[in-house]
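Reading through the structure tokens given below for one structure.
The values are calculated or read from the model by the stated rules, or taken from the named source; none is laboratory data. Given the structure is predicted, the values throughout are model-derived calculations rather than measurements. Here Cβ is always computed from backbone atoms with ideal geometry, including for glycine, and neighbour counts include all displayed protein chains. Accessible surface is based on the protein model in full, side chains and every heavy atom, while ligands, DNA and RNA are left aside. Shrake-Rupley method; radii C 1.70, N 1.55, O 1.52, S 1.80 Å.
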Amino acid sequence: MKVLLIGSGGREHALAWKIAQSPLLNELYAAPGNPGISDHATLVALNVEDHAAVIAFAKEKAIDFVVVGPEAPLVAGLADDLRAAGIATFGPSKAAAQLEGSKGFTKDLCARYDIPTGAYQRFKSAEPAKGYVRAQGAPIVIKADGLAAGKGVTVAMTEAEALAAIDDCFDGAFGAAGAEVVVEAFLDGEEASFFCLSDGKTALALATAQDHKRVGDGDTGPNTGGMGAYSPAPVMTPAMVERTMKEIIEPTISGMAKDGNPFSGVFFAGLMITAKGPELIEYNVRFGDPECQVLMMRLKSDLLPILYATATGTLDKVEAEWRDDAALTVVLASKGYPGAYDKNTPIAHIPEASEEAKVFHAGTALKDGGLVATGGRVLNVTALGKTVTEAQARAYAMTDKVEWENGFCRRDIGWQAVAREKV
Ligand code: AMP
Ligand code: GLY
């Protein structure tokens, strides 16, 4: 099979690494890719916003299958255009990608199909939203409707904070994403991420993960795209996974199909495990970054036929086998992230991969023959272990061998799981 992978982050490096191990693979291209991905794929300098150019490239190289990593091209309809050109594609249609692209869309789906989630209302202007907040009281959650790079959510512990967040949204803090606002009940519990494939009819549960969104140790400081993650998530017991499939995933698949938006791709469900059980916080329609890195380390099966089955409606014919081991990833970021940071700082050394540990590239580039950091999140040091404690020790031992002066990381990724394992 000839495969084209779209994207350039740590998630795509993990996907490329795993796809490259498939005996079914003849050739792997990545657009635009990164220096880590170039170990496994031929990089192509395509502008992925130019769908015609992507299609022309795929035709020229006789690509059999395109895997779309990030959400932006999905929300822009790249998967629709590729499929219309007769190219099998992993990733949902533009219409189905609204599950991530519009929080209001997802909340309405939950209401229609009885999917457990926080009570909510949608607003197109500030005054009625504020009225609702005053009536409900704090804590309460304010969300910009559209894609806001993970920054459009305010969990307001006071009414004043909630009112200010509403003003921020309608004053344009999140651009067009904030033109509509969802106000949602605060859910109390432990968070977990659940990954599940669907081809529009069948579901294949993958695995669970937990991430660390805050920049600082002890889960403090501003939110980021994720400073680390581990899998599995201890709170997602087999019974909880079963309830999630039945109460959340299955009604989503049948509801989306009924509404004329069949979903094909990966559900990345953000869950709150409350006293009542699993409740949906949000859907993403692509693998998590860095959650994908820990999932790929744990996946024993060949990834390529699983993704292909998802894209071609034959998911009932495949299975996914997982290692019992835990996996944990530590994100190395540029000093200053998630605020301003220097670009093109030199990375002097990245340790060699072993069976149990590997560094994925997220925001790197080659400049004058040397490796430099170009992004906020730059490297993902990922390790396996019999326990989260062991995976954590291995990941930090490798992290300490990375030579990059402008880098920093959290030192406590996986702390909840490690504390649990001590008991
Ligand atoms: P989201 O971008 O929707 O995943 O929200 C970002 C983060 O805000 C989540 O990971 C949760 O930690 C928190 N959050 C979102 N919605 C709620 C809610 N209804 N109750 C409590 N926390 C929430
Ligand atoms: N790590 C969170 C995300 O990929 O959205």
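Calculate I(q)/I(0) for the stretch 330-380 by the Debye formula, one identical point scatterer on each C-alpha and no solvent, and give its log10 at q = 0.18, 0.23 Å⁻¹ to two decimals. The computed values of log10 I(q)/I(0) come out as -0.56, -0.84.
Just how large is the dipole of the chain about the Cα centre, in debye to the nearest 20, putting +1 at every Lys and Arg Cβ and -1 at every Asp and Glu Cβ? Don't skip to the end; give the middle numbers.
Values: 40 positive and 54 negative charges, 34 e Å.
Result for the chain is approximately 160 debye, rounded to the nearest 20.
Excluding ligands, DNA and RNA, the accessible surface per residue across the chain is 40 Å² with a 1.4 Å probe.
In Å, what Kirkwood hydrodynamic radius results for the chain from the alpha-carbon pair distances? All intermediate terms of the calculation are to be shown ahead of the outcome.
On the way: mean 1/r = 0.0457 Å⁻¹.
It works out to 21.9 Å.
Could you check how many percent of all C-alpha pairs in the stretch 144-243 are farther apart than 16 Å? Don't jump to the answer; show the numbers that get you there.
Working: 3414 of 4950 pairs.
In whole percent, the share of Cα-Cα pairs in the stretch 144-243 beyond 16 Å is 69.
For the stretch 226-315, taking Cα atoms only, Rg and Dmax work out to 14.1, 38 Å respectively.
Given Val44, Phe57, Ala85, which one lies farthest toward the positive end of the charge dipole of the stretch 1-159, if we put +1 on the Cβ of every Lys and Arg and -1 on the Cβ of every Asp and Glu? Comparing the listed Cα positions along the dipole, Ala85 ranks first.
Pairs of Cα atoms nearer than 8 Å and 6+ residues apart set the relative contact order; for the chain it is 16 percent. Rounded to the nearest 20 debye, the dipole size of the stretch 256-414 about its Cα centre is 240 debye, using +1 on the Cβ of Lys and Arg and -1 on the Cβ of Asp and Glu. Per-residue surface analysis assigns Met256 an accessible area of about 0 Å², computed on protein heavy atoms at 1.4 Å probe radius. Relative to the 2.2 N^0.38 Å rule of thumb, the stretch 366-405 has a C-alpha radius of gyration ratio of 1.46. Which whole-angstrom value gives the distance between the alpha carbon centres of the stretch 254-312 and the stretch 319-370? Between the Cα centres of the stretch 254-312 and the stretch 319-370 lies a distance of 23 Å. Think of the chain as having a plus end and a minus end, set by charges on the Cβ of Lys, Arg, Asp and Glu; of Leu204, Val331, Thr345, Leu204 sits farthest toward the positive end of this dipole.
In plain terms, the C-alpha convex hull of the stretch 276-353 casts an average shadow of 9.5 nm² when viewed from every direction. Place a point 7 Å from the Cα of Met245 along the Cα-to-Cβ direction; which residues of the stretch 194-235 have their backbone N under 17 Å from it? Within reach of a label on Met245: 194-209, 233. Ranking Gly33, Gly363, Thr399 by how far each Cα lies toward the positive end of the dipole of the chain (charges on Cβ) leaves Gly33 at the top.
Per residue, the Cα convex hull of the stretch 67-198 amounts to 122 Å³. For the chain, the antiparallel share of DSSP beta bridges with both residues in that region comes to about 80%.
About the centre of its Cα atoms, the stretch 188-254 shows a dipole size close to 180 debye [charges on the beta carbon of Lys, Arg (+1) and Asp, Glu (-1) only; nearest 20 debye].
Rg/Rh, computed from the Cα trace of the stretch 38-141 with Rh as the Kirkwood radius, has the value 1.17. Two numbers describe the Cα atoms of the stretch 310-423: Rg and Dmax, which are 16.8, 51 Å.
Quick one: Kirkwood hydrodynamic radius for the stretch 27-96, alpha-carbon pairs, angstrom, one decimal?
12.2 Å
Check each of the trypsin sites (Lys or Arg not before Pro) in the stretch 373-422 and keep only those in coil by DSSP with at most 14 other C-beta atoms within 10 angstrom; list them in order. Qualifying residues, ordered by number: Lys386, Lys401, Arg411. The accessible area of Glu71, taken with all protein chains in place and a 1.4 Å probe, comes to roughly 50 Å².
Given the pairs Lys124/Lys151; Lys59/Lys317; Lys94/Lys335; Lys107/Lys335; Lys59/Lys358; Lys103/Lys367, which span a C-alpha to C-alpha distance of over 30 angstrom in this model? Could the numbers behind the result be given before it?
Working: Lys124/Lys151 19 Å; Lys59/Lys317 28 Å; Lys94/Lys335 36 Å; Lys107/Lys335 37 Å; Lys59/Lys358 34 Å; Lys103/Lys367 40 Å.
The pairs that break the limit, which is 30 Å between Cα atoms, are Lys94/Lys335; Lys107/Lys335; Lys59/Lys358; Lys103/Lys367.
A cut-off under 11 angstrom between Cβ atoms defines the neighbours of Gly104, and their net charge, with Lys, Arg +1 and Asp, Glu -1, is +1. Which value in Å does the Kirkwood hydrodynamic radius of the stretch 1-64 take, with 1/r averaged over all unlike C-alpha pairs and then inverted? Result for the stretch 1-64, one decimal place: 11.6 Å. Per the Cα gyration tensor, the stretch 183-288 maps to an equivalent ellipsoid with semi-axes of 25, 15, 14 Å, ordered largest to smallest. Taking only protein heavy atoms and a 1.4 Å probe, the accessible area of the stretch 50-127 is 53% carbon and sulfur.
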